[in-house]
Amino acid sequence: MLRFKTALAAALIFVIFAGATESMASSTITLQGQTKHPVLANAAVEVSAAGNQTVMGTTNQSGSYAIDFECTVPGGMVTITVTGTGEQSHVGAARVVHSCAHLSANADGQGVFAVGPISPISTAVYAIVAWTLSDFENLSPPWMRSALEPYRFAFEFWVGHSTVTSSLAFLNTQEIDLPAAASTSLDVALDRNLLAQSAQGVLDIAQAADYDRVLNPIYLDPSLYLPTPSVPATIVTANYCVSLLTSCGSVFVIDVNNFGSFSERGGSSASEFRFRDREDIIFQEKFVAAPGTLRAIRAATLDGSPLISRFLVQTIEGQQVEESSDLEWVEKLYANASEYLTLVGERNRTVRRFPNNPEIPEEVFESRRPFFLTGFEDTSELPSFVEPADGDQWVLEFDVSASIPELDLFFGPRADRVTFGADGTAVLERADTTMQWTVSDGELVLEGGGLPTHRYRLTSGEWAKAYSSMVVRAADSGEPTVSADVVGLSGAQSLVFDPADVPGRYWSIAFVGRLLPSGFPEPPSYFVQALEEGGTGWSASLADPADPKPDSARPLQWEVNARGEVVIERDFGASGTQLRNWTLLKIENGEDFSVLEVGPALFASPDFGGPEDPVLPLDTGRLNIYRQLPL
């Protein structure tokens, strides 16, 4: 995995290293906790924290432990690893706890700190923290809290968490064998090559019933979840992705009366919220639990109508059929996976209906298990926007969805370069409009300009990927329209491409934060565009961006237009012409090019009604980052 470093922009300097300044109430803490799924009896326990002496201990017959730990360096991040013995010697587990200072300040009167369960869910979190800090900071455990803090609400659990948890569950129950190079299942979680072997092993043997049998005891264990948050005032809670070109998850806004709104990228609705740990059942379709153990917040509408409906027309047996995809409810669950990090699970129920064709039966899709993402329980611990200075420029996304009929495409939220003024104005370059900005309760608020009001909440600083992760909520006349996890780029300059510097191979590094390639455990595939001197080139998907040009490569042409933008044209023969446009924003390390990218968009050939001279609509676009390699 490649490593990327950037300097923090002035607009993003906020106090994030609180762990280094916390005071110690007591240096000796007794850590008490339990291993689960499996319970590890007589297992070896190791407690570590950067700058502090590592301590060893043992679990009892019930898989519990109580270990005295001397915390002398407040900012050391306490982690616990456990290794099974005897017939469980193949099992390894771990948990990221919190800083020494936090543990000392929150221990009880006897100096005891109760640690949450060490399980496959907590072990997957530990693994992803280790991958991230290794890839981007070249660090190995034990860690200081200051190393984790910039990533605290920006660890990318998308894909990785479920893959690790599933592999651990099948390894721990010996449904599949450990790879020869691994001593324990924790070794597999920490090594992505070994993880790929095990994940493939699961895919080779497991059917739906096997996943239910092996995973449901873990995912449906109420003790592995935290109680739902209280609502003393309106709270905003969310889960999200942090990679470029990706949006997932959703936002709940809940008032003291348990009403509010649900929103995601696809839309929003007014909602009623049920705090289900104040009811009798969690996962009602799976099992009955005692009152108070249900740990989920469910969003649904008051009248039973869908939260969001999506409509499309498809052809079935030669007949055009209208279909609605109705999202009926969404639940959020808060995993007890770390005292320091927040992991939010989501379940939902979607029903496909055919309103004009009652002879076609409905199809129900209900989550079998929660899917975990990065998130926050409320906004109190998130970083705050610092008021932008006069002339500061950012690239931000806006909810300005529109249909482009001539492209037969629908463009969702668009990225635009925003220039902030000391007079409170925010000029959107491509939208050609002016909004008003304020910073309120830590959020950047943009209003006016004929657009919905946008509220941007930072979830990370400008870290190794050269951009900031955010959750944005848009509202029109006070009514929410969408919420999305987006990225913003600070210091976006007005740059132009020099044709002499353009030639090279380009591949997007947008997904490096995802840590596992799309399609994992399949090997990664990189879409490479080779822009050669003279305005010609080729494109292809390669196992490595530096691999030789394959015979299957598709030819392309490129130019730098009068605005200093790169325009790439790929010939798709009878299917038409594909266009892509790059506006240069920023160059890092002489090789990473941040661009506003429009397209790719495929225009039909003139023989099939397409335009003679297709032109991309530049008011659409997205933030992308390309790495340039030599030809």
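The values are calculated or read from the model by the stated rules, or taken from the named source; none is laboratory data. What you see is a predicted model, and the numbers here were worked out from it, not measured in a lab. Cβ coordinates were reconstructed from backbone atoms using ideal geometry, including for glycine residues, and neighbour counts include every protein chain displayed. With ligands, DNA and RNA removed, areas are computed over all heavy atoms of the protein, side chains included. Shrake-Rupley method; radii C 1.70, N 1.55, O 1.52, S 1.80 Å.
Points to keep in mind about this one:
- From the list Ser247, Ser261, Ser269, the lone residue that is open to solvent by 40 Å² or more (accessible area, probe 1.4 Å) and hydroxyl-bearing (Ser, Thr, Tyr) is Ser247.
- Residue within region 507-524 that is open to solvent by less than 50 Å² (accessible area, probe 1.4 Å) and assigned to a strand (DSSP E or B) present: yes
- Consider region 550-565 and keep the residues that are outside any loop (DSSP other than H, G, I, E, B) and touching a residue at least 24 places away in the same chain (Cβ under 8 Å). The one that is surrounded by the fewest Cβ atoms within 10 Å (Cβ to Cβ) is Glu559.
- Restricting attention to region 190-211 and to residues that are over 23 Å from Trp158 (Cβ atoms) and in contact (Cβ under 8 Å) with a residue 24 or more places away in the chain, the residue that is surrounded by the most Cβ atoms within 10 Å (Cβ to Cβ) turns out to be Asp210.
- Filtered by the rule that a residue be out of contact with any helix residue (DSSP H, G or I) (no Cβ under 8 Å at 6 or more places or on another chain), among the β-branched types (Val, Ile, Thr) and either part of a strand (DSSP E or B) or free of Cβ contacts under 8 Å to residues at least 24 places away in the same chain (or both), region 28-70 gives Thr28, Thr30, Thr35, Val45, Val47, Val55, Thr58, Ile67.
- The lone exception for Met77 - which of (1) aliphatic (A, V, I, L, M); (2) assigned to a strand (DSSP E or B); (3) touching a helix residue (DSSP H, G or I) at 6+ places or on another chain (Cβ under 8 Å); (4) within 18 Å of Leu178 (Cα to Cα) it fails: (4)
- For region 144-154, taking the residues that are more than 19 Å from the chain's Cα centre (by Cα) and either surrounded by 22 or more Cβ atoms within 10 Å (Cβ to Cβ) or polar (S, T, N, Q) (or both), the one that is modelled with the lowest pLDDT is identified as Ser146.
- Scope region 327-365; condition in contact (Cβ under 8 Å) with a residue 24 or more places away in the chain and among the aromatic types (Phe, Trp, Tyr); matching residues: Trp329, Tyr334, Tyr340, Phe354
- The set of residues in region 62-88 that are at pLDDT below 95 and open to solvent by less than 10 Å² (accessible area, probe 1.4 Å) contains only Cys71.
- Qualifying residue in region 542-549 (condition: assigned to a loop (DSSP other than H, G, I, E, B), among the small types (Gly, Ala, Ser) and surrounded by 13 or more Cβ atoms within 10 Å (Cβ to Cβ)): no
- Residue match in region 594-605 (condition: open to solvent by 10 Å² or more (accessible area, probe 1.4 Å), within 30 Å of Asp392 (Cβ to Cβ) and within 30 Å of the chain's Cα centre (by Cα)): yes
- Lone qualifier among Thr583, Thr620 - being open to solvent by less than 30 Å² (accessible area, probe 1.4 Å), assigned to a loop (DSSP other than H, G, I, E, B) and under 25 Å from Ser468 (Cβ atoms): Thr620
- Single residue of Ser104, Ser119 found to be farther than 21 Å from Thr374 by Cα, buried (at least 20 other Cβ atoms within 10 Å of the Cβ) and in the same structural domain as His161 (by the TED database): Ser104
Condition check ((1) in contact with a strand residue (DSSP E or B) (Cβ under 7 Å, 6 or more places away or on another chain); (2) under 21 Å from Asp498 (Cα atoms); (3) not charged (D, E, K, R)) across all residues:
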residue	(1), (2), (3)
Gln529	yes, yes, yes
Trp538	yes, yes, yes
Arg563	no, yes, no
Asp571	yes, no, no
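- Failed condition for Thr459, given (1) hydroxyl-bearing (Ser, Thr, Tyr); (2) at pLDDT 85 or above; (3) over 18 Å from Phe511 (Cα atoms): (3)
- Test: residue in region 34-48 that is modelled with pLDDT under 95, open to solvent by less than 10 Å² (accessible area, probe 1.4 Å) and assigned by the TED database to the domain that holds Ala124: no
Every residue, every condition in (1) surrounded by fewer than 16 Cβ atoms within 10 Å (Cβ to Cβ); (2) touching a strand residue (DSSP E or B) at 6+ places or on another chain (Cβ under 7 Å); (3) among the β-branched types (Val, Ile, Thr), yes or no:
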site: Asp432; (1), (2), (3): yes, no, no
site: Gln436; (1), (2), (3): yes, yes, no
site: Glu443; (1), (2), (3): no, yes, no
site: Met470; (1), (2), (3): no, yes, no
site: Asp476; (1), (2), (3): yes, no, no
site: Glu479; (1), (2), (3): yes, no, no
site: Ser490; (1), (2), (3): no, yes, no
site: Gly534; (1), (2), (3): yes, no, no
